[in-house]
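Peer 1: What follows is a single structure, and I will ask about it in a moment.
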Amino acid sequence: MPPLPALARTCATRACLARRLPHPPRRILACAGAVGRDESSTSEGPASVAPSTPASRHAPHVPEHAPVTGRLYRYLLEHTREPAVLTNLRTQTSAFAPGRERNAVSPDQGAFLGWLVGTLGVGRAVEVGVFTGYSSTAMALALPATGLLVACEKDDRPLALARAAWEAAGVSGKIDCRVGPAGETLSSLLADPAHGPASFDFAFIDADKRGYAGYYEQCLRLVRVGGVVAIDNVLWYGRVVDAADTSASTGAVRALNAALLVDPRIELSTVSVGDGIALCRRLV
């Protein structure tokens, strides 16, 4: 299949998560599905994956669950493990960028990313969009001592907090931080003999939405067969279902979600953790 079209773009102490976050992320229910190739693949992937259609088309009655907001979300946070270094980083982020706290992943999402990295046995990962370093710290904590996380960020200003958090968490030696446009950094990784295609196990994309399609294509090339590309904000705070929202960023997220659903190169599951994460396992 040709590339997707370009778009106009664990464990420390149980933290005091019961207190309200400065701006708790909006919680929205998503559905999961799988799309794959109906042909032989490598030993790292399934022999075949049955074609799929959107879950809403399989049956007239799809059960909906209570949205995780308010008291229920605070209960979730009370039962989420958050290292102290990340609790402190949330406080620092709120002071550094008031009103932009949700640019960082939520505690439950950070725990999920760390769990994914550990469970998948990730040794090499790439992150597109660092901000103040919450997600990169959470993932690096789950990497082995010899692990590597290439962290791509275009804005150097929030990286002071990120670097301090990496140092405090004892993971700075695992992180290769690259400052500049993410597309250029990913292109350089693909061309670098020390890295190159299929040299990473995991990629996490959480950056400018209009660039998502391009970042996805580059990251899909960077991860090995069987590797995972995780894409954040695919529910886009509910804007994806707001017909009145015709912004370029919302259109980019909608278009990417539609393209992922029919991309035969991946197995797809979209989960409602945080603001929605699309988990794309590379099949070929």
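Peer 1: Find the residue count for segment 147-198, including only residues that are within 13 Å of THR132 (Cα to Cα), under 19 Å from the mean Cα position of the chain (by Cα) and basic (Lys, Arg).
Peer 2: 1
Peer 1: Is it fair to say VAL171 is aliphatic (A, V, I, L, M) and loosely packed, with under 14 Cβ neighbours inside 10 Å?
Peer 2: On the way: aliphatic (A, V, I, L, M): yes; loosely packed, with under 14 Cβ neighbours inside 10 Å: no.
So VAL171 does not fit the description; no.
Peer 1: Take the residues in segment 97-113 that are over 13 Å from the mean Cα position of the chain (by Cα) and in a helix (DSSP H, G or I); name whichever of them is nearest to TYR73 (Cα to Cα).
Peer 2: Initial filter on segment 97-113 (over 13 Å from the mean Cα position of the chain (by Cα)): 97-102, 107.
Imposing the further condition that a residue be in a helix (DSSP H, G or I) reduces the set to 101-102, 107.
Values: GLU101: 17, ARG102: 15, PRO107: 11 Å.
Applying the filter and picking the extreme gives PRO107.
Peer 1: Hey, among the residues in segment 51-85 that are under 27 Å from THR137 (Cα atoms) and of a type in the set (Gly, Ala, Ser), which one's modelled with the highest pLDDT?
Peer 2: Filtering first and then ranking leaves ALA84.
Peer 1: Can you name every residue in segment 133-186 that is within 18 Å of ALA230 (Cα to Cα) and part of a strand (DSSP E or B)?
Peer 2: Across segment 133-186, the qualifying residues are LEU148, LEU149, VAL150, ALA151, CYS152, GLU153.
Peer 1: Something else: Checking the condition β-branched (Val, Ile, Thr) and surrounded by fewer than 23 Cβ atoms within 10 Å (Cβ to Cβ), which residue from VAL179, VAL253, VAL228, VAL223 passes?
Peer 2: Working: VAL253 fails: surrounded by fewer than 23 Cβ atoms within 10 Å (Cβ to Cβ); VAL228 fails: surrounded by fewer than 23 Cβ atoms within 10 Å (Cβ to Cβ); VAL223 fails: surrounded by fewer than 23 Cβ atoms within 10 Å (Cβ to Cβ).
When all the criteria are applied, what remains is VAL179.
Peer 1: If you don't mind, another one. Which of the residues that make up segment 231-248 are crowded, with 18+ Cβ neighbours inside 10 Å and within 18 Å of LYS154 (Cβ to Cβ)?
Peer 2: ILE231, ASP232, ASN233 - these are the residues of segment 231-248 that are crowded, with 18+ Cβ neighbours inside 10 Å and within 18 Å of LYS154 (Cβ to Cβ).
Peer 1: State yes or no: is LEU89 closer than 26 Å to VAL271 by Cα, over 18 Å from the mean Cα position of the chain (by Cα), in a helix (DSSP H, G or I) and at pLDDT 95 or above? Let's see the steps before the verdict.
Peer 2: Values: closer than 26 Å to VAL271 by Cα: yes; over 18 Å from the mean Cα position of the chain (by Cα): yes; in a helix (DSSP H, G or I): yes; at pLDDT 95 or above: yes.
For LEU89, the condition - closer than 26 Å to VAL271 by Cα, over 18 Å from the mean Cα position of the chain (by Cα), in a helix (DSSP H, G or I) and at pLDDT 95 or above - is met.
Peer 1: Right, something else. Say whether the condition of being out of contact with any strand residue (DSSP E or B) (no Cβ under 9 Å at 6 or more places or on another chain), modelled with pLDDT under 95, more than 22 Å from LEU190 (Cα to Cα) and among the polar types (S, T, N, Q) is met by at least one residue in segment 261-284.
Peer 2: The answer is yes; a qualifying residue exists.
The values are calculated or read from the model by the stated rules, or taken from the named source; none is laboratory data. Keep in mind it's a predicted model, so treat the numbers as computed, not measured. Using ideal geometry, Cβ is built from the backbone for each residue, glycine included, and neighbour counts are taken over all protein chains shown.
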